[in-house]
Amino acid sequence: MTELMYTEHPDLFKLSAQVTQHGSDAKGMYLVLNQSLFYPQGGGQPADQGKIIAANACYEVFDVRNVDGEVRHYITCNNTPIHPVDAVTIKIDKERRVLNSKYHTAGHLIAAVVEKENPELKAIKGHQFPREAYVEFGSTVSDADNFMAQINSRVSKCIASKATVRTEELNADDTAIIAQDLPYELPKNKSLRVCHIEGFSPVPCGGTHVNTLEDISSFAIKKCKSKKGKTRIYYEVE
Ligand SMILES: [Zn+2]
C-alpha cells in the first residue's frame with residue numbers, strides 16, 4: 001500500500017521513498033513506491049508528473065494511476081534495470097501541481113457559488129484539465145449568458161476575498177449531515193476527507209487545493225452551455 005503523502009503535505013514537492021514493486025501494463029512500465037507525493041489521476045484532476053531518481057537512473061513519470069488500490073507511477077523506459085527496495089528520490093513537477101490545484105479548487109468554488117444561490121442546480125461532474133476545465137450541473141438555466149456573467153462576477157469576488165481552503169477529516173456524524181445535500185450517496189458510518197472553502201459547506205474530496213482563494217489569482221468563465229437538462233460552465237485560471 002502506497003502512503004499518499006500529498007494528502008497531509010500538499011506543499012511538499014520532494015521526498016525520499018523506496019521502490020516496492022515494478023511491472024508493466026497497457027499504459028507502460030510502472031513503479032510502485034512505499035510512499036508518494038504524486039497525485040494519481042482521479043476525481044476530474046489530472047495526475048502529477050515528475051521524476052523518480054535512483055542511484056543509477058532517473059525515471060520520468062508521465063502518468064500516475066490508482067489501479068485497484070495500487071498506485072502505479074508510469075515511467076519512460078530507459079533500459080536501466082529496476083530493483084525492488086531501491087531507495088529513490090521523488091521530485092514532482094511543482095508548476096504542473098500548482099496549476100492543477102488552482103483549477104481543481106476553482107471547480108469547487110464555482111460549484112459552491114452556484115449551489116448556494118441556485119438550490120435547484122446541483123454540481124454533478126467536474127473536469128479540471130487545463131484549457132478544457134468545466135463544472136456540470138444537473139439542470140438548465142433560462143438565460144445562460146446572464147447566468148455566466150453573474151457567476152463570473154461572484155466567483156471573482158470570492159477569489160479576491162482571500163478565503164481559506166482547508167482539507168480536513170469529518171467524523172461519521174458530520175459526514176451524514178453534509179450527505180443530505182449531495183446528489184450522490186456517501187459511505188455510511190465512515191469519516192471522510194473533505195475540502196472546506198471558508199464560507200461554504202464542506203464537500204467530499206481527495207484532490208489537491210490551494211491554501212487561500214487568492215492563490216488562484218487569475219480566473220475567467222469562458223463559456224456556459226445550458227441544454228438537454230444540463231448546464232456546463234467552462235473556465236480558465238492561470
Ligand atoms: Zn478538492
Exercise. Would you pick out the residues in segment 17-57 that are within 23 Å of the chain's Cα centre (by Cα), over 26 Å from P130 (Cα atoms) and of a type in the set (G, A, S)?
Worked result: A17
For this session: Give me the pairs, please: first residue somewhere in segment 3-27 and over 19 Å from R193 (Cα atoms), second residue anywhere and assigned to a helix (DSSP H, G or I) and at pLDDT 95 or above, beta-carbon distance under 6 Å, and either six or more positions apart or on two chains.
Result: F13/K94
Exercise. Which residue pairs have Cβ atoms closer than 7 Å, lie 6 or more positions apart in sequence or on different chains, and pair a first residue in segment 207-230 that is more than 19 Å from A149 (Cα to Cα) with a second residue that is of a type in the set (K, R) and assigned to a loop (DSSP other than H, G, I, E, B)?
Worked result: T212/K162; L213/K162; E214/K162
For this session: Check whether at least one residue in segment 222-235 is at pLDDT 90 or above, within 14 Å of the ligand (Cβ to nearest atom) and under 23 Å from N152 (Cβ atoms), and report yes or no.
Result: no
Exercise. Hey, among the residues in segment 197-238 that are touching a Leu at 6+ places or on another chain (Cβ under 9 Å) and assigned to a strand (DSSP E or B), which one's nearest to V64 (Cα to Cα)?
Worked result: P204
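The values are calculated or read from the model by the stated rules, or taken from the named source; none is laboratory data. On a predicted model such as this, the values are computed, not experimentally measured, just so you know. Here the Cβ is made from the backbone with ideal geometry for all residues, glycine too, and neighbour counts use every protein chain on show.
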